[in-house]
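Q: Handing you a structure now.
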């Protein structure tokens, strides 16, 4: 037997079959020492809240065909350290108590088929807990997540792992996400939204739509830096930039071959070129091109509960996602909201038409419809009670043939009307000057609905709704700052949709933690 004394207050003995650790009560303090004594007297595993993850997250139900989960064995040393380092009032402890972990297992149980044979599986509740930590900490990758969880007792406790329990690896999380798929994570979000509804955190009076303005840039290295990195590898010094030298061929033909080689090399230096084929590219400014996704939330106005999540490539029109999100909201909450507030990216006829069909009041900022070439823009062209388009001088315009593609037609003024009009000079665009007649191309029904929305933007009702929307825009800023929502962690649209759903789930659970009640099955 090997025995070591590190001080007069502690010692350790290593025998053939057991390790004996002796610690002085002075190391714990009176409060911790008395608690440990109570544990030993009453039976720690059955009475203390600290044992809840190990009793519940891998619990198996007496149901035919129910899966078998890996069972976690926790040693006494783990219990002592958990007590010392997992405080009852910690935010993660409170968050754990909000979640009904047995419900997570039930929602996923039909995807497992090991009730009679095969290896025991990691309980979905434990893997879901890891993904919750991935979002709320946040951590840049799942590999890094597991490295951090391995060394932090609080995180091990949150996921139901003992201090000496072997953890799943990142491939297990990958398999778990693929096994569940987007639809099952949507179902988990629906379950969380239902909990919020039962807790009175949703009014469904009106909903706001918010989204990331940028999306994730899939390369971490700036294009300029990548070019300079390549240039620095050349042997001939004929130029310099920021202290780095590079070779420049002298003849035009050599320069073309040289530039083509640079492009091929850059594909290796920019990770997006060999990574995510689902990501889209768009200009975020006149000089910035970004490849990635945008993340959208549909948010109830009472407490900020997220009722729908959309993740699409950056080249997808945002207006195409509004109604999809509202339909998902309806499925979860049981009804459409009374109203929706949104920015001008939603000011399109199909959106207004769909909102009218669903009897949803739209508080949508108006887009600028000013045409090219100057002159008086579409805002000066009204529609009368006979559905005739009127010019700025209130003269009816004659429609041409409608296009089968977009429904637009060219409306033309009478030559005599333009010749005698006092507003001719300011009305005519450059291409129609000096004599006209005035022509304008538009889809009449869409133009009429746009004018109606523009008129609505001048009402107090609209201003009040937009004021609330602006005041709550910080909710997405919170998602970016605390939950890493500015960067999609995976390399496919379905997996990034799961990441967006997990962000919404985590934020809703936080609201439940603050304003709702703990899940009944987790109260100990």
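Q: Suppose R0 equals 51 Å. What FRET efficiency, 1/(1 + (r/R0)^6) with r the Cβ-Cβ distance, do residue 491 and residue 420 give to the nearest 0.05? Please list the in-between numbers first.
A: Values: r = 65 Å, r/R0 = 1.27.
For R0 = 51 Å, the calculated efficiency reads 0.20.
Q: Let me ask something additional. Quote the relative contact order of the chain in percent (integer), defining contacts as alpha-carbon pairs under 8 Å separated by 6+ residues.
A: Values: 767 pairs, mean separation 88.1, N = 524.
Answer for the chain is 17 percent.
Q: Could you state the angle between the C-alpha long axis of helix 29-42 and the longest principal axis of the C-alpha atoms of the chain, as a value from 0 to 90 degrees rounded to the nearest 10?
A: 80 degrees
Q: Now, a different point. Working from Cα positions, state the angle (0 to 90°, nearest 10) between the long axis of helix 474-483 and the longest principal axis of the chain.
A: 40 degrees
Q: Just to confirm the number: angle between the C-alpha axis of helix 493-515 and the first principal axis of the chain, 0 to 90 degrees, nearest 10?
A: 70 degrees
Q: Then there is this: Which percent, nearest 5, of DSSP beta bridges in the chain are antiparallel?
A: Details: 38 of 46 bridges.
Given both bridge residues lie in the chain, the antiparallel proportion sits at roughly 85 percent.
Q: In addition: So if I take the centroid of the Cα atoms in the stretch 158-176 and the same for the stretch 42-101, what is the distance between those two points in Å?
A: 15 Å
Q: Please give, to one decimal in nm, the separation of the simple spin-label points placed at residue 198 and residue 255, each 7 Å out from Cα toward the Cβ.
A: With each label point 7 Å from Cα toward Cβ, the separation is 7.1 nm.
Q: Turning to a different aspect of this structure: Could you tell me the distance between the Cα centroids of the stretch 116-136 and the stretch 355-382, to the nearest Å?
A: Each part's Cα centre sits 49 Å from the other's.
Q: Please work out the C-alpha center-to-center distance from the stretch 484-519 to the stretch 413-460 and express it in whole Å.
A: 47 Å
Q: Here is a follow-up. Contour minus end-to-end for residue 338 and residue 288, with contour as 0.36 nm per residue of separation and end-to-end as the Cα-Cα distance? Walk me through the numbers before you get to the answer.
A: Numbers: separation 50, 0.36 × 50 = 18.00 nm, distance 3.82 nm.
Value of the extension gain: 14.2 nm.
Bear in mind these aren't lab numbers, they're just calculated from the coordinates by the rules spelled out. The shown structure was predicted, so the numbers you read here are calculated from the model rather than taken from an experiment. Heads up, the Cβs are rebuilt from the backbone with ideal geometry, glycines too, and the neighbour counts pull from every protein chain shown.
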